[in-house]
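The values are calculated or read from the model by the stated rules, or taken from the named source; none is laboratory data. This is a predicted model, so every value here is computed, not measured. Because the Cβ atoms are built from the backbone with ideal geometry, glycine has one as well, and the counts that use them run over all protein chains shown.
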Amino acid sequence: MTARGDSPYALSHLDALESEAVHVFREVAGEFERPVLLFSGGKDSVVMLHTALKAFAPAPLPFALLHVDTGHNFPEVLAYRDRVVARHGLRLHIASVQRFIDDGRLRERPDGTRNPLQTVPLLDAIERHRFDAVFGGGRRDEEKARAKERVFSLRDEFGGWDPRRQRPELWDLYNGRHSPGEHVRVFPLSNWTELDVWQYIAREGLELPSIYYAHEREVFARSGMWLTPGEWGGPRDGERVERRVVRYRTVGDMSCTGAVESDAATVDRVIEEIAASRLTERGATRADDKLSEAAMEDRKREGYF
Amino acid sequence: MSISSTTGITGIATEPAAATSLLRFATAGSVDDGKSTLVGRLLHDSKSVLADQLEAVEHASRDRGHDAPDLALLTDGLRAEREQGITIDVAYRYFATARRRFVLADTPGHVQYTRNMVTGASTAELALVLVDARHGVVEQTRRHAAVAALLRVPHLVLAVNKMDLVDWSEAVFARIAEEFTAYAGSLGVPDVTAIPVSALAGDNVVTPSAHLDWYGGPTVLEHLETVPVVADPTGDPARFPVQYVIRPRTTGHPDYRGYAGRIASGVLRVGERVTVLPSGRTSTITAIDALGTPVDVAWAPQSVTIRLADDLDVARGDLIAPAADAPEPVRDVEATVCHVADRPLREGDRVLLKHTTRTVKAVVKALPSRLDPSDLALRPSPGALSANDIGRVVLRTAEPLALDDYAASRSTGAFLLIDPADGTTLTAGMAGPAFAAASERPGPAAALPATDDGWDF
């Protein structure tokens with residue numbers, strides 16, 4: 001555990017961040033009745049799950065996973081998700097956007113993106129299963145509204161976030177008290193950056209969905225991003241499919257998650273690439289955050305994670 | 001669409017992948033003393049403002065009719081903040097250099113946001129206080145220092161900004177540094193570093209200034225990179241609040257019983273004799289598991305799981321400490337507090353007290369005094385504490401607490417008061433005697449010149 005440093009008691013920054021995340025998981029397990037961990041198969045939720053497993057080892061994870069499936073997820077990611085669940089003997093709940101569309105409770109948006117539609121099935125699952133704490137992999141470095149987020153974030157009975165009424169969060173004394181119907185979103189990786197996540201993945205030797213590493217695939221250009229063609233709605237007229245060597249920096253709905261051109265095929269090469277990058281991961285690959293200046297804040301107010 | 005472009009990098013060359021240690025720090029400064037500029041320059045020159053963020057800020061600034069990019073838009077992330085041009089809440093920023101990674105708590109600028117200042121300072125290992133070289137140490141500077149002292153932030157940096165406007169005068173800097181260091185010393189602040197800078201031009205923020213050739217010390221960033229943040233934990237008594245009891249009851253681990261927690265202070269060793277509080281039973285540590293690796297020794301702030309030789313009744317909320325150096329559990333608590341809720345705190349209020357992993361019922365027996373922020377004197381019998389007030393409280397708890405003085409431990413000396421009705425966080429508490437400034441200045445002091453009406457941290 002000892003890092004390079006002046007003191008034999010120094011912790012490396014990764015050990016410090018890991019220790020903090022584990023502390024958060026254990027606080028929630030100690031204080032809440034029905035926590036659940038949001039798991040998308042993306043790198044942040046992979047790191048979150050890994051630290052959670054460490055926090056309670058050698059006992060099994062004392063909570064289940066919840067995946068909000070947009071219906072437009074990358075097949076490689078769904079396969080990865082199911083492998084992980086089987087390997088660790090986890091319990092997985094799935095909230096399906098497609099089912100909500102099929103039975104008329106949600107309507108497809110004209111632009112085809114399903115990312116904002118995840119909020120309704122998510123809140124439905126929270127209410128139906130009476131989850132009182134929901135772990136999310138959100139990091140404060142991702143986005144300016146997330147930079148304002150608490151580690152323990154109280155949500156009202158509609159799942160809404162009110163940034164002006166957040167509880168002050170002092171020391172590591174997290175206050176998870178809430179009224180019936182309310183729940184708390186918990187972000188154990190709040191203080192991690194994209195680079196921290198990748199360095200931790202390298203250190204711990206974690207497997208990720210293959211689309212995080214450079215590979216050749218069919219893509220087409222839209223709004224300055226390389227998108228994957230599919231039944232979700234692309235390419236349209238005038239959009240040309242071509243084969244390029246790309247990788248993904250984030251994993252989300254296919255309709256709004258863009259690939260970046262990259263030849264980084266290993267974790268070490270990805271770390272080099274991110275360290276030199278001049279774009280944030282969301283700036284590079286997320287269309288939904290570009291909808292307006294406060295797009296993330298507005299979605300979070302509605303109950304988005 | 002490519003992310004490997006390397007154009008546009010200015011300032012120092014960075015290799016964040018090599019950074020190993022982590023420094024948490026908070027900034028303090030009033031609206032016009034250049035805090036945003038300094039933060040913006042630290043972020044920009046350490047390559048932490050990326051092209052798309054800068055582009056978004058430039059775009060938003062143009063929409064608002066500004067000539068130049070308004071770097072405050074980098075940290076003012078909320079719709080209301082951008083609309084009103086003010087900072088409402090703490091923003092956490094992250095940046096890295098080759099030597100260290102940083103978590104910066106950037107907090108808002110007015111007396112009504114003291115709670116946010118306290119929030120930012122509670123986890124900070126260093127506070128960066130800005131003053132305007134033309135004005136020197138003002139009332140607000142004293143408040144910043146006082147709150148850093150109250151929260152026991154170990155390192156204080158005074159950045160004397162706008163040196164370009166005082167002709168880079170060594171005498172001006174020396175006078176301000178001396179006055180501030182003496183004042184901080186009277187508050188019990190152990191370590192003060194004063195640095196002359198011009199944030200606007202970037203002098204001495206990241207790169208040394210040619211204008212300040214009389215100054216032989218570090219730039220702000222050099223100091224942030226090199227300040228020692230790892231104290232030797234062997235000098236502190238070990239404190240291990242039990243968070244969670246791990247009992248797998250699986251075929252592989254039928255008899256495993258581990259106590260999971262984060263070491264709050266000090267060092268724990270296998271073979272050590274320990275006491276479990278509040279029961280007072282003793283046992284011996286037989287194993288320490290540091291997240292997958294069995295170790296013989298572990299220290300704060302590691303999250304570990306420990307096992308004991310005896311099958312004691314140990315639960316969440318208990319505290320494990322060396323048998324030879326365990327705190328005496330108490331039910332009467334005296335503390336300095338910062339009230340953070342909108343509803344006031346009154347004598348007789350029934351509250352919940354959260355201390356480490358233990359939450360107990362408590363009653364507010366007395367409110368002996370309130371700190372007057374204008375002269376830092378304690379005024380007796382305030383009757384109630386309102387939002388952002390700092391004062392003294394006397395509490396009686398329903399169950400004993402293994403509480404240390406906050407002066408001895410920022411972790412096991414801190415607590416929250418919580419409204420039992422709706423869970424609102426009411427008050428941030430620091431157990432023990434009043435802090436140096438207030439105890440030494442009990443009466444009404446001579447009025448200080450009121451050069452500003454706000455403070456931030």
Within the range B:289-313, restricting to residues that are more than 21 Å from residue A:203 (Cβ to Cβ) and free of Cβ contacts under 8 Å to residues at least 40 places away in the same chain, the one that is surrounded by the fewest Cβ atoms within 10 Å (Cβ to Cβ) is B:313
Conditions (1) modelled with pLDDT of 90 or more; (2) surrounded by fewer than 24 Cβ atoms within 10 Å (Cβ to Cβ): number failed by residue B:161 | (2)
In the range B:285-304, what residues are more than 8 Å from chain A (Cβ to nearest Cβ) and in contact with an Asp or Glu (Cβ under 8 Å, 6 or more places away or on another chain)?
-> B:285, B:288, B:300, B:304
Criterion: in contact with a Gly (Cβ under 8 Å, 6 or more places away or on another chain), part of a loop (DSSP other than H, G, I, E, B) and at pLDDT below 95 - qualifying residue of B:407, B:434, B:445 | B:407
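Listed here are the residues, each with its yes/no results for (1) in a loop (DSSP other than H, G, I, E, B); (2) out of contact with any Gly (no Cβ under 8 Å at 6 or more places or on another chain); (3) among the aromatic types (Phe, Trp, Tyr).
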site	(1), (2), (3)
A:99	no, yes, no
A:121	no, yes, no
A:160	yes, no, no
A:172	yes, yes, no
A:175	yes, no, no
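Residues are listed down the side, and each one gets a yes or a no for (1) in contact with a strand residue (DSSP E or B) (Cβ under 7 Å, 6 or more places away or on another chain); (2) more than 17 Å from residue A:41 (Cβ to Cβ); (3) of a type outside the set (Ser, Thr, Tyr):
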| site | (1), (2), (3) |
| --- | --- |
| A:102 | no, yes, yes |
| A:107 | no, yes, yes |
| A:112 | no, yes, yes |
| A:115 | no, no, yes |
| A:121 | yes, no, yes |
| A:126 | yes, yes, yes |
| A:131 | yes, yes, yes |
| A:135 | yes, no, yes |
| A:140 | yes, yes, yes |
Within the range A:155-201, the count of residues that are more than 7 Å from every other protein chain (Cβ to nearest Cβ), without any contact (Cβ under 8 Å) to a residue 60 or more places away in the chain and either under 19 Å from residue B:95 (Cα atoms) or β-branched (Val, Ile, Thr) (or both) comes to 1
Would you mind telling me which numbered condition in (1) within 10 Å of chain A (Cβ to nearest Cβ); (2) closer than 30 Å to residue B:426 by Cα residue B:95 fails?
-> (2)
From the options B:127, B:184, residue that is part of a helix (DSSP H, G or I) and of a type in the set (A, V, I, L, M, F, W, C) = B:184
Would you call residue B:336 buried (at least 16 other Cβ atoms within 10 Å of the Cβ) and in contact with a Pro (Cβ under 8 Å, 6 or more places away or on another chain)?
-> no
Some residue of the range A:202-211 being of a type in the set (Val, Ile, Thr), touching a Phe, Trp or Tyr at 6+ places or on another chain (Cβ under 9 Å) and within 11 Å of chain B (Cβ to nearest Cβ) | no
For the range B:109-126, indicate whether the set of residues that are over 17 Å from residue B:428 (Cβ atoms) and modelled with pLDDT under 80 is non-empty.
-> yes
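Rundown of residues vs (1) modelled with pLDDT under 90; (2) touching a Gly at 6+ places or on another chain (Cβ under 6 Å); (3) assigned to a helix (DSSP H, G or I); (4) among the aliphatic types (A, V, I, L, M), yes/no style:
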position: A:67; (1), (2), (3), (4): no, no, no, no
position: A:71; (1), (2), (3), (4): yes, no, no, no
position: A:81; (1), (2), (3), (4): no, yes, yes, no
position: A:87; (1), (2), (3), (4): no, no, yes, no
position: A:95; (1), (2), (3), (4): no, no, no, yes
position: A:108; (1), (2), (3), (4): yes, no, no, no
position: A:124; (1), (2), (3), (4): no, no, yes, no
position: A:139; (1), (2), (3), (4): no, no, no, no
position: A:147; (1), (2), (3), (4): yes, yes, yes, yes
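Hey, any hits in the range A:86-97 for a residue that's out of contact with any strand residue (DSSP E or B) (no Cβ under 8 Å at 6 or more places or on another chain), closer than 23 Å to residue A:192 by Cβ and either within 14 Å of chain B (Cβ to nearest Cβ) or surrounded by fewer than 18 Cβ atoms within 10 Å (Cβ to Cβ) (or both)?
Yes - at least one qualifying residue is present in the range A:86-97.
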Exclusive hit being among the β-branched types (Val, Ile, Thr), over 22 Å from residue B:303 (Cα atoms), surrounded by fewer than 18 Cβ atoms within 10 Å (Cβ to Cβ) and at pLDDT below 95, set B:234, B:250 | B:250
Of the residues in the range A:1-55 that are of a type in the set (Gly, Ala, Ser) and assigned to a loop (DSSP other than H, G, I, E, B), the one that is modelled with the lowest pLDDT is A:3
For the range A:177-191, how many residues meet the condition of being out of contact with any Gly (no Cβ under 6 Å at 6 or more places or on another chain) and part of a loop (DSSP other than H, G, I, E, B)?
-> 7
Could you count how many residues in the range A:247-268 are within 13 Å of another protein chain (Cβ to nearest Cβ) and either of a type in the set (Asp, Glu) or free of Cβ contacts under 8 Å to residues at least 12 places away in the same chain (or both)?
-> 3
Within the range A:7-57, the count of residues that are in contact with a Phe, Trp or Tyr (Cβ under 7 Å, 6 or more places away or on another chain), more than 13 Å from chain B (Cβ to nearest Cβ) and of a type in the set (Gly, Ala, Ser) comes to 2
State yes or no: is residue B:391 buried (at least 24 other Cβ atoms within 10 Å of the Cβ) and either of a type outside the set (A, V, I, L, M, F, W, C) or not in a strand (DSSP E or B) (or both)?
-> yes
